[in-house]
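Bear in mind that the values in this text are calculations on the coordinates, not laboratory data. Remember, it's a predicted structure, so these values are computed and weren't measured experimentally. Because the Cβ atoms are built from the backbone with ideal geometry, glycine has one as well, and the counts that use them run over all protein chains shown.
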Amino acid sequence: STTTITAPENQVDSLMQQVADEAGLELNMELPAGETGSVGTATAASTEQDDLSKRLAQLRQM
Amino acid sequence: IMDNRDNDENTDIDLLIKQRQHHKKSFDIISRALKIDEKIDDQNIEQKRIVIEMYSKGIEELEEGIGIDLSGVTGEEGERARKLQLKMNNNLLMVRERRERLDCMNRIYGQSSHLPFYK
């Protein structure tokens, strides 16, 4: 049997924020206002996924 | 017949919006995770656990987005959505790989895990 305990979402979020604060990192949990209502274009989405690919590929080489 | 066609179109649009929403959420969380990961200290177990948790959330969003059946969506929108699906799938594999590596590093540096982040 599995003994995995799932931390409540808000607990995880606040912990993430806490660690980020301590590390002096900008986490920015909320989406910028105005962006929440729109899903953007497929082209923009594609570009964003490309951006993730590039950054992930760079980490792979480290 | 017209009603059926309208319904089909609505369903297609719903699928595209759903996909776009999952993309957006995955992009949002993964890019924030990357921002931390890019300057992470190899020995900072706590930071890596946070990043692992963020990647896991991103993976969930990618999986949900990729799981949307777009095979019936026709036209240019359908083509674009399927291309996006492929890119999301590629990133899913890369994020999983990165998460594994961070987890592996944490195991090496030793962890007293009282918070079960990664299953």
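Observations, loosely collected:
- Charge dipole magnitude, Cβ of K and R +1, D and E -1 - the range B:2-108, Cα centre, debye nearest 20: 620 debye
- Think of the range B:2-108 as having a plus end and a minus end, set by charges on the Cβ of Lys, Arg, Asp and Glu; of B:G78, B:L15, B:I40, B:I40 sits farthest toward the positive end of this dipole.
- Computed from label points 7 Å out along Cα-Cβ, the spacing between B:T74 and B:R96 is 3.4 nm.
- Subset of B:K25/B:K87; A:K54/B:K57; B:K48/B:K87; B:K39/B:K87; A:K54/B:K48; A:K54/B:K39 violating a 18 Å alpha-carbon distance limit: A:K54/B:K57; B:K48/B:K87; B:K39/B:K87; A:K54/B:K48
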